[in-house]
1. Grab the other residues whose beta carbon is less than 13 angstrom from that of Phe56, score K and R as +1, D and E as -1, and report the net.
2. Cross-link candidates for Lys379: which aspartates and glutamates have Cα within less than 15 Å, leaving aside residues fewer than 8 places away along the same chain?
3. For Gly134, what charge total do you get from the other residues with a beta carbon under 15 Å from its beta carbon, if Lys and Arg give +1 and Asp and Glu give -1?
4. Under 28 Å Cα to Cα from Lys372, which lysines show up? Leave out anything in the same chain fewer than 8 places away.
5. The chain: percent of C-alpha pairs farther apart than 35 Å?
6. Excluding residues fewer than 8 places away in the same chain, name every one of the lysines whose C-alpha is closer than 29 Å to that of Lys41.
7. Would you tally the net charge around Arg249, using a Cβ to Cβ cut-off of less than 13 Å, leaving Arg249 out, and scoring K and R as +1, D and E as -1?
8. I want to verify the translational diffusion coefficient of region 323-402 in µm²/s; compute it with Stokes-Einstein, Rh as the Kirkwood radius over Cα pairs, at 10 °C and 1.306 mPa s.
Amino acid sequence: MALITLAPDVYSVGVKDPDLAIFDIVIPTECGTTYNAYLVKGSDKTALIDCVKRPFSDEFIQNITDICPLESIDYVIVNHSEPDHSGALVELLQLRPDAEVLFTRAAKSFIDNLVNRDYRHRIVKDGEELQLGGKTLVFQETPFLHWPDTMLTWLKEDRILFTCDFLGAHYSSESNFNDELKDPEAAQRAFEFYYATIMRPYKDYILKATQRVRELNPKIVAPSHGPILRKDPLSYLDYYEERASILNRIHEVRVPVVYVSAYGNTEAMARKVAEGLAEGGVTPVLLNAVETPIAAIVDEFEKASGFLIGTPTLNADVPHPILELVASLVFLNMRGKPASVFGSYGWSGEAIRTVHDILQSMRMKVGPDPIKARMTPSKAELEECVNFGRTFAEIVKAPAAK
Ligand SMILES: Cc1cc2nc3c(=O)[nH]c(=O)nc-3n(C[C@H](O)[C@H](O)[C@H](O)COP(=O)(O)O)c2cc1C
Ligand SMILES: [Fe+2]
Ligand SMILES: [Fe+2]
């Protein structure tokens, strides 16, 4: 394989996984992904930055040995211990047991439980430097990009920032650098989708990190998924900042009322709930989960101060679009937000209790108590829906809820 060089003695040694269809169980990866890893050779020491997913160990080790023997690796820097970047560390340490593994304090237990035997390691601190001889690595602790363990590694002399998941994209192609892409729009879409499905819950951490990255002013951003960002790396940072600060630009209290309805009964309730919300001084956003793409609903939830779900009971259960929506909340951080549920039923009405219990187990602040109506809601029941909306508006407007 032709060597991929970022700067003198700085190489990309990762692997491509173009056929990956789904990442981490829930994230579709139309263009596959890559697990990038980097080798930095100083005059005294050599460091490997990140590893790859375990099934790709052989190819990874081959890529390294095309450049230098494994015995010359002194350090393995673990920016993030999720197995897509650490899996092959196990094989690497079998072949090169004397390498010292460097990571944050939070990463230690993950890597201990990955390797499951003794290995040489050291916890590094924020701002700590590692001298390789003419190449200096500086560690930047940046938790929750994407796990509690994450850090960035800065190569001072070459102004390269190794960011692991941060600023990455699930995008595999023949090109390794963003200035060589045949389809830059597709790569940009993958970058944006990656933000929406992986980074979005960590807004506060992102905004802290983007500030630090700006101060470093990197010439190259080298993530561990997708193209290496050599052309205009800061524009990617702009995108993260813009998206992560979305709530600063929302000046109203928005409450999505998401429902499904076979015969219009739950829908009639939803309309009355929305009326109550508006009377209570918040902005209701009525969404039919059958007609609205799930991604659009999730985008709406991101801007919301709380949410309400309307569901009938079908075959003793919750209709699939509502379950899918609840499962998609994994893409956001909604913990502690007010939420509740309502709906129409025929004879048993299990869906209301099920959604209630799910919301509670997801640590939403559930209230007011769910309401349900048997078949077509009566005038009194519709009035109850208005009150339900009004009460919910009071809850979301209370300072603790925001
Ligand atoms: C296929 C099907 C299965 C149903 N299963 C149940 C059930 O198990 N328990 C129940 O309480 N109601 C059940 N119902 C009744 C609905 O919950 C009830 O008709 C409700 O009013 C529908 O509200 P909607 O018009 O908002 O869909 C079922 C209805 C359908 C169409
Ligand atoms: Fe990750
Ligand atoms: Fe990753």
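1. Counting the neighbours of Phe56, the net charge comes to -4.
2. List returned: Glu267, Glu275.
3. Local net charge: -1.
4. Output for Lys372: Lys272, Lys303, Lys337, Lys397, Lys402.
5. Result for the distance tail: 38 percent.
6. Lys16, Lys53, Lys108, Lys125, Lys135, Lys156, Lys219, Lys231
7. With Lys, Arg at +1 and Asp, Glu at -1, the neighbours total 0.
8. Here the translational diffusion coefficient equals 116 µm²/s.
Throughout, read-outs are computed from the coordinates displayed, never taken from laboratory work. This one's a predicted model, so the numbers in the text were calculated from it and none came from an experiment. Virtual Cβ from ideal backbone geometry, glycine too; neighbours counted across all protein chains shown.
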